[in-house]
Amino acid sequence: MINLGVLASGRGSNLQAIMDAIDDQYIKNARVAIVISDKKDAIALERAKKHNIQTLFMDPKKFADRLMYDQEMAKKLEVHKVDLVLLAGYMRILSPEFVRRFRGRLMNIHPALLPSFPGLHPQRKALEWGVKVTGCTVHFVTEDVDAGPIILQYPVPVKKCDTEESLVLRILEKEHKIFPKAVKLFAESRLKIVGRRVEIV
Ligand code: GRF
């Protein structure tokens, strides 16, 4: 059984997808040990509480800098014996020290087909660029934002009538499939990082 630690800042629909996948036994050998948020009113915290999962709000204002914040967060994750950290809509940039500490066991979900459209508002950028296909990516996190080894991707065609909102929702549906799948593969020890590639064994 592996322990998951989830970092989330907002709505928490990806967290919900993971908790549901565990409840439904799609992910068999993992449990969410703790959900941490930098936002007091994050819906993600409410969702976790409903599943009787321990939550923690960590107020960035109470820490002198990013490094100290991340050190405390790492300690909390380690107290809960977390094996895999999931960034599920976590909006703070992580310090390189934190990323190094959890190297190979830190995953992010991004609503674009990386390396296209890293950073904020990738769905809007995809529409503005005029791409015919966008999608979502689960990847291991490295020091560079949205640039780590790719685990899974799912394409989403862009329709002529799409608005940013409609595209956000269609991509989100696919996020809810590939994030639990990536966690399942990790929990089954089926992900092997070879340089920039992730092999599914
Ligand atoms: C998702 O689109 C995710 O890809 C991005 O932030 C959003 C979080 O949504 N990193 P939610 O909080 O999981 O509903």
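The values are calculated or read from the model by the stated rules, or taken from the named source; none is laboratory data. Computed from a predicted structure; not experimentally measured. We place every Cβ from the backbone using ideal geometry, glycine too, and count neighbours over all the protein chains shown. Ligands, DNA and RNA are stripped out before the accessible areas are found, and what is left, the full protein with its side chains, is counted by its heavy atoms. Shrake-Rupley method; radii C 1.70, N 1.55, O 1.52, S 1.80 Å.
Checking the condition under 17 Å from residue 7 (Cβ atoms), in contact with a strand residue (DSSP E or B) (Cβ under 6 Å, 6 or more places away or on another chain), crowded, with 23+ Cβ neighbours inside 10 Å and modelled with pLDDT of 95 or more, which residue from 135, 148 passes?
Unique residue meeting the criteria: 148.
Looking at (1) open to solvent by less than 50 Å² (accessible area, probe 1.4 Å); (2) away from the ligand (no atom under 12 Å from the Cβ); (3) small (Gly, Ala, Ser), find the lone condition where residue 112 falls short.
The one condition residue 112 does not meet is (2).
Considering each residue of segment 116-130, count those that are touching a Ser or Thr at 6+ places or on another chain (Cβ under 9 Å), open to solvent by 20 Å² or more (accessible area, probe 1.4 Å) and either touching a residue at least 60 places away in the same chain (Cβ under 8 Å) or not polar (S, T, N, Q) (or both), and give that number.
Final tally of qualifying residues: 4.
Of the residues that make up segment 153-161, is at least one assigned to a helix (DSSP H, G or I) and surrounded by 13 or more Cβ atoms within 10 Å (Cβ to Cβ)? Can you show your working first?
Start the filter on segment 153-161 by keeping residues that are assigned to a helix (DSSP H, G or I), which leaves none.
Within segment 153-161, not a single residue is assigned to a helix (DSSP H, G or I) and surrounded by 13 or more Cβ atoms within 10 Å (Cβ to Cβ).
Of the residues 99, 79, which is closer than 22 Å to residue 186 by Cα, surrounded by fewer than 20 Cβ atoms within 10 Å (Cβ to Cβ) and in contact with an Asp or Glu (Cβ under 7 Å, 6 or more places away or on another chain)?
On the way: 79 fails: in contact with an Asp or Glu (Cβ under 7 Å, 6 or more places away or on another chain).
Selected residue: 99, the only one of 99, 79 that is closer than 22 Å to residue 186 by Cα, surrounded by fewer than 20 Cβ atoms within 10 Å (Cβ to Cβ) and in contact with an Asp or Glu (Cβ under 7 Å, 6 or more places away or on another chain).
Could you list all residues from segment 147-194 that are basic (Lys, Arg) and closer than 20 Å to residue 14 by Cβ?
Within segment 147-194, 170, 174, 177, 181, 184 meet the criteria.
Given the criterion touching a residue at least 12 places away in the same chain (Cβ under 8 Å) and in a loop (DSSP other than H, G, I, E, B), identify the matching residue among 107, 73, 91.
Among 107, 73, 91, only 91 is touching a residue at least 12 places away in the same chain (Cβ under 8 Å) and in a loop (DSSP other than H, G, I, E, B).
Can you say whether residue 63 is more than 25 Å from residue 184 (Cβ to Cβ) and surrounded by fewer than 17 Cβ atoms within 10 Å (Cβ to Cβ), as far as the supplied structure shows? Please lay out each step first, then the result.
Working: more than 25 Å from residue 184 (Cβ to Cβ): yes; surrounded by fewer than 17 Cβ atoms within 10 Å (Cβ to Cβ): yes.
Yes.
Assigned to a strand (DSSP E or B), away from the ligand (no atom under 16 Å from the Cβ) and open to solvent by 40 Å² or more (accessible area, probe 1.4 Å), is that true of residue 184?
no
Pairs only if they're at least six apart or on different chains, beta carbon under 7 angstrom, first in segment 26-53 and among the aromatic types (Phe, Trp, Tyr), second open to solvent by less than 50 Å² (accessible area, probe 1.4 Å); list them, first residue then second.
These pairs meet every condition: 26/180; 26/184.
Looking only at segment 1-21, which residues are within 12 Å of the ligand (Cβ to nearest atom) and closer than 24 Å to residue 72 by Cβ?
Taking segment 1-21 as the starting set, the residues that turn out to be within 12 Å of the ligand (Cβ to nearest atom) are 6-19.
Residues satisfying the conditions are 6, 7, 8, 9, 10, 12, 14, 15, 18.
Going by the structure shown, is residue 117 touching a Lys or Arg at 6+ places or on another chain (Cβ under 6 Å) and not in a strand (DSSP E or B)?
The answer is yes for residue 117.
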